[in-house]
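One structure is given here, and the rest of the page talks about it.
Since every read-out is calculated from the coordinates, none of them should be taken as a lab result. Since the model is a prediction, treat every value here as computed from it, not as a measurement. We place every Cβ from the backbone using ideal geometry, glycine too, and count neighbours over all the protein chains shown.
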Amino acid sequence: MRSEIPAWSFQGPLIAILLLLGSSCPLLAQSRDATTKFVDHSLLIAPDLPCTWPSAPFPRFQLTHQRTIGPDSAYNIDVLLIDGNTGTQLDVPPHSVARPDLNREKSGPLGLAYTDKIEAWQFGGEACVVDVHDLLDQAPKGVSPLVKPEHVERFEKQHRPVRFGDVVLFRSGYSDRYYKPLPEGSRFIADVLDRKSPGYPDPDPACMELLATRGVMALGTDSASMGPLPDLAEPTHYAGLKHGMIWTESATNLSALPPTGAFYCMLGPKHQGGPYGEGRAFSIVGGKLPKRLIESVKNKRAVDLSPTLSPDIPLMSPGIGTGQHRQVYLKIDFLYSEYLDLWHHAHLMDSMAGTHLVPPSFALPPEGAQPAYAPEVRGWLIDFEKKYGPRGTSSLTTEQVPLDWTCGPARVVDVRPLVGSTASKSWPASPEITPAHLREYEKAHGDLQPGDVVLFHTGHLDKHLRPRPNDAGVWADPLQGKSEGWPAPGPDAIVYLKSKGIRCVATDAPDLGGVDPERALMTYWALGSREMVGVEFLWNLGQIPRDREAYFLFAPVKIRDCHGGPGRAIVLH
């Protein structure tokens, strides 16, 4: 990334030095415990990798670069076709538990516990890594070696009993060894299904029942599925899911964890009615932070900050003018389960649908590119660079953004007093969040520190996010000047935040730019040129306790070359 930032464009020599040195400066790292590390456990998603279930009619993953920076767009805009069984993924009870109204043998209340209904505390816990690498490939072709109760008991004898608040992770090394580009990557799933290779290790139903007696509510495996082949997949799923368990499938890099003590988390987009879903798994190891987060989930102290994704909700901008809308969120049914009376479904969606990441490459062209901006945008760029320095370039797409950039102490800046501060004759306009507002916050709540995540509490989505036909208040009315836009930070606020060592800025508004196209683009240029990221489309910020420490966690789905990134945000306190 190139972002040459001249000292004259900021408020003083010290700020300029901090901006030039970035995260390498000791002053910017002082609030982080150097012994704390983030470990990624997610497989990379890309069309040339075995990231989707290979059997028909499961859809193949597709990433479309719908618009690129140039005369038609100032941004890189992507569209995804993605099924919940893609990459590292989350399973929840309705995958095997039928709805109570069906009155079937496997019916129960947990048949309604879809991905959008699981409570935020259940996504995390203390990682208990059960080493089963001795089972890898120790079975006939097409057959899974079985993880049995004695493997869990062996772990307990060596370390401690597993319990409520733990995430039991079965580490065989399967995905580490076999998740490779196609055609070699066929060994990951397809060759097993075709009985050309031994199956992936997985727990049997008795192992699930044992874990249920221990109170364990979350599991994970670095195998392609939690279901042993050829005939125990459904019995094992039901044995765990009937108790309300959730789990990670297709995790990776579990060998980077100690047997106990790490905080593990699995976050993914909050699809309405999803019996499973694509996600991002990661751990935090070392220092005091893991213990603190583990205690939070054990005591169910968590706040979900992501709205549910639904075709009835206005998740994406309709644009200003005909033909300028972003891809609407669509649910695509492709396989019907008669017993569960539900459809397996994929989604066609903008990569920024719902809660999502804004990486630097969203608004910055790659190095060496000379985009032919529209004349109006060229004028804006001249004005921007006069005041803020070179716009810069970036190829930092979603999968390259470090996890510790999007996680950190939550600093909620209440900007709701700005609502109603613009005159209607100036609309479309958004009230601008300035450095003065940030300094006012710091005077009342203490200085912002490097590593903090700044959350702007506008209240916009809490108030206006409604299903059709009452959905115009989110995007349409503000963009058309029928109502005031949501409060949004201007580029000066972004520059100030960078001077404080902030990497991540988030909002409970539709986006960080606001409704004025020029100010919005300058805000995104300021973010990108300073190697900062955004998280947009949150809500419930008012539920974050102000009287105790709160820690923000967000991770986007790990999609190669993506200029956005759907995910879920939570706070533990």
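Quickly run through segment 422-433 and pick out the residues that are free of Cβ contacts under 8 Å to residues at least 24 places away in the same chain and of a type in the set (S, T, N, Q). Within segment 422-433, S426 is the sole residue that qualifies. Take L364 and decide whether it is in contact (Cβ under 8 Å) with a residue 12 or more places away in the chain and not in a loop (DSSP other than H, G, I, E, B). Against the criterion (in contact (Cβ under 8 Å) with a residue 12 or more places away in the chain and not in a loop (DSSP other than H, G, I, E, B)), L364 does not qualify.
I need the full set of residues from segment 398-415 which are in contact (Cβ under 8 Å) with a residue 60 or more places away in the chain and not in a strand (DSSP E or B), in order please. Show your work before the answer.
Of the residues in segment 398-415, the ones in contact (Cβ under 8 Å) with a residue 60 or more places away in the chain are 398-399, 401-410, 412, 415.
T398, E399, V401, P402, L403, D404, W405, T406, C407, V415 - these are the residues of segment 398-415 that are in contact (Cβ under 8 Å) with a residue 60 or more places away in the chain and not in a strand (DSSP E or B).
Condition test on V79, is it touching a residue at least 60 places away in the same chain (Cβ under 8 Å), crowded, with 22+ Cβ neighbours inside 10 Å and of a type outside the set (D, E)?
On the way: touching a residue at least 60 places away in the same chain (Cβ under 8 Å): yes; crowded, with 22+ Cβ neighbours inside 10 Å: no; of a type outside the set (D, E): yes.
So V79 fails the test.
Within segment 121-152, the set of residues being over 15 Å from L219 (Cα atoms) and outside any loop (DSSP other than H, G, I, E, B) comprises H133, D134, L135, K141, L146, E150.
Filter segment 474-495 down to residues that are touching a Gly at 6+ places or on another chain (Cβ under 8 Å) and outside any loop (DSSP other than H, G, I, E, B) and give me whichever is farthest from G564 (Cα to Cα). Spell out how you get there, then give the answer.
Step one: filter segment 474-495 for residues touching a Gly at 6+ places or on another chain (Cβ under 8 Å), giving 478-479, 483-488.
Narrowing further to those that are outside any loop (DSSP other than H, G, I, E, B): 478-479, 488.
Numbers: P478: 23, L479: 21, A488: 19 Å.
Ranking the candidates gives P478 first.
Considered as a group, the residues in segment 309-355 that are polar (S, T, N, Q) and buried (at least 20 other Cβ atoms within 10 Å of the Cβ) include one that is nearest to the chain's Cα centre (by Cα), and that residue is T355. Scanning segment 202-228 for residues that are surrounded by fewer than 24 Cβ atoms within 10 Å (Cβ to Cβ), in contact with a Leu (Cβ under 8 Å, 6 or more places away or on another chain) and charged (D, E, K, R) turns up just one, D204.
Of the residues that make up segment 229-237, is at least one under 24 Å from the mean Cα position of the chain (by Cα), more than 30 Å from I294 (Cα to Cα) and either surrounded by fewer than 16 Cβ atoms within 10 Å (Cβ to Cβ) or among the basic types (K, R) (or both)?
Quick first cut of segment 229-237, residues under 24 Å from the mean Cα position of the chain (by Cα) only: none.
Checked segment 229-237: no residue is under 24 Å from the mean Cα position of the chain (by Cα), more than 30 Å from I294 (Cα to Cα) and either surrounded by fewer than 16 Cβ atoms within 10 Å (Cβ to Cβ) or among the basic types (K, R) (or both).
Return yes when E399 is surrounded by fewer than 22 Cβ atoms within 10 Å (Cβ to Cβ), under 21 Å from the mean Cα position of the chain (by Cα) and over 30 Å from H445 (Cα atoms) and no when it is not. Yes, satisfied. The set of residues in segment 89-104 that are in contact with a Phe, Trp or Tyr (Cβ under 9 Å, 6 or more places away or on another chain), of a type in the set (D, E) and more than 21 Å from S175 (Cβ to Cβ) is empty.
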